[in-house]
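Comments concern the structure below.
The values are calculated or read from the model by the stated rules, or taken from the named source; none is laboratory data. Treat the numbers as computed from the prediction; the structure is a model and nothing was measured. Glycine also receives a Cβ, built like all others from the backbone with ideal geometry; neighbour counts cover every protein chain displayed. Note: accessible area is taken over every heavy atom of the protein model, side chains too, but ligands, DNA and RNA are not part of it. Shrake-Rupley method; radii C 1.70, N 1.55, O 1.52, S 1.80 Å.
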Amino acid sequence: MKMILRVEGASPEELERGLAAARAVFEAADVAPWAAAVAHHAREGWDAGGFVDELEPTPEQHAAAAVLDDARAAAIEACCAGWSVPLPAADLSISPPRS
């Protein structure tokens, strides 16, 4: 599994600081990043599908997706700490674990 943080204008050190913050969120919640990404995808699919009851993620998936939201926010906040400009476009992506 690989996490990539993309923040326009960030230095490698700032990006690593952001990734460390994201890892801390996942560890504190005891949720694997890939499991959170899969749950987030399920929640996004439910949203795109018009919130159809049959597609609604389980409570566990909702919780795991929320951890990804929190990890993304923590990563961006840590990466951009001290910046005086508005936060740029940013994203945290997670690739699947290798088999």
- Residue-span extension gain [VAL85 to MET1] - 0.36 nm each, minus C-alpha spacing: 27.1 nm
- Measuring from the longest principal axis of the C-alpha atoms of the chain, the long axis of helix 33-48 (C-alpha) lies at a number of degrees, nearest 10, equal to 60
- Taking all protein chains as present, what is the carbon and sulfur share of the accessible area of region 9-86, in % to the nearest whole number, probe 1.4 Å? 59
- Computed Rg/Rh of region 1-50, alpha carbon atoms with Kirkwood Rh: 1.08
- Task: Output the relative contact order of the chain, whole-number percent, from Cα pairs under 8 angstrom with separation of 6+ residues.
- Result: 49
- Task: Find out how many positive minus negative residues lie around MET1, taking Lys and Arg as positive, Asp and Glu as negative, among other residues whose Cβ is under 13 Å from that of MET1.
- Result: +3
- Message: I want to check the label-to-label distance for ALA63 and ALA28. Put each point 7 Å from Cα in the C-beta direction and report it in nm to one decimal.
- Response: 1.7
- Semi-axes of region 22-99's equivalent ellipsoid from the Cα gyration tensor, sqrt of 5 times each eigenvalue, largest first, rounded to whole Å? 25, 16, 11
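Leaving out ligands and nucleic acids, and using a 1.4 Å probe, what accessible area per residue does region 13-99 come to in Å²? Mind showing how you got there, number by number?
On the way: 5230 Å² over 87 residues.
For region 13-99, the solvent-accessible area averages 60 Å² per residue.
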